[in-house]
1. Pairing the Cα long axis of helix 81-109 with the longest principal axis of the chain, what angle in degrees results, from 0 to 90 and rounded to the nearest 10?
2. For Cα extents along the principal axes in Å, which listed value, [x] 109, 19, 12; [y] 79, 50, 17; [z] 42, 33, 33, comes from the coordinates shown?
3. Would you mind ranking S26, S65, S87 so that the residue whose beta carbon has the fewest other beta carbons within 10 Å leads the list?
4. In a shell of Cβ-Cβ distance under 12 Å around V46, excluding V46 itself, what net charge do Lys and Arg (+1) and Asp and Glu (-1) give?
5. Using 19 Å as the Cα-Cα cut-off, could you pick out the over-long pairs in K110/K130; K47/K112; K47/K110?
6. At 222 nm, what value in deg cm²/dmol follows for the chain if DSSP H runs of at least 4 each add -39500 (n - 2.57) and the sum is divided by all its residues, to the nearest 500?
Amino acid sequence: MPIRNIDGVIKHLEDNASDELAHLESVGPEFFTTEQLLRLRGQWEVKNHLFRAFQQLVVRIAAISPVWVAGYFLFTLLKLRYLALLSLALFPLSFVVFFAGLAFIFKYFKGKGHLDRVGEMIAEELNRRKEAGKRE
C-alpha cells in the first residue's frame, strides 16, 4: 500500500523525534551517553518546572470561579446589571479554560507520571554510571 500523505508521516516522525524525553522513556537511558543524559536532565528540570507552573495556574483559574458567582450577586445588589451578567458569564468560562488548560498540560507534558518516570530513569542511570566509575 503506497503512502499517500508523506507530509503527514514526516510531521509525525519529526514530532516524535523532537520529544527526547519520551524517546528516553521508550528505549531506556542505557542507550544515551552521559553527556546526553546530563542535557536531558536539564530539559527534564525545565519541563518539570513548567509543568508545576501551568498546573498551579490552571488550579487557580478553577479556584477563582466561585468569585464570579459572588461577583454576580454583589453587582446585582448594586444594580450593575451588565457587570453582573459579565461576572455570571465568566463563571462557566473559567471552567472551560480550566479543562482546556488540563488538555494542554496532558498533551505537552504527558502527565506528571511521565515526568516522574523520566526523571527517575535519568537519575538512576547517572548514579549507576557514577558508581561504576568509582569502582574502576
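1. Approximately 10 degrees, to the nearest 10.
2. [y]
3. With the fewest neighbours first, S26, S65, S87 line up as S26, S65, S87.
4. Computed value for this residue: +3.
5. K110/K130
6. -30000 deg cm²/dmol
No lab work stands behind these numbers, since they all come straight from the coordinates. Nothing here was measured: the structure is a model prediction, and the numbers come from that model. Here Cβ is always computed from backbone atoms with ideal geometry, including for glycine, and neighbour counts include all displayed protein chains.
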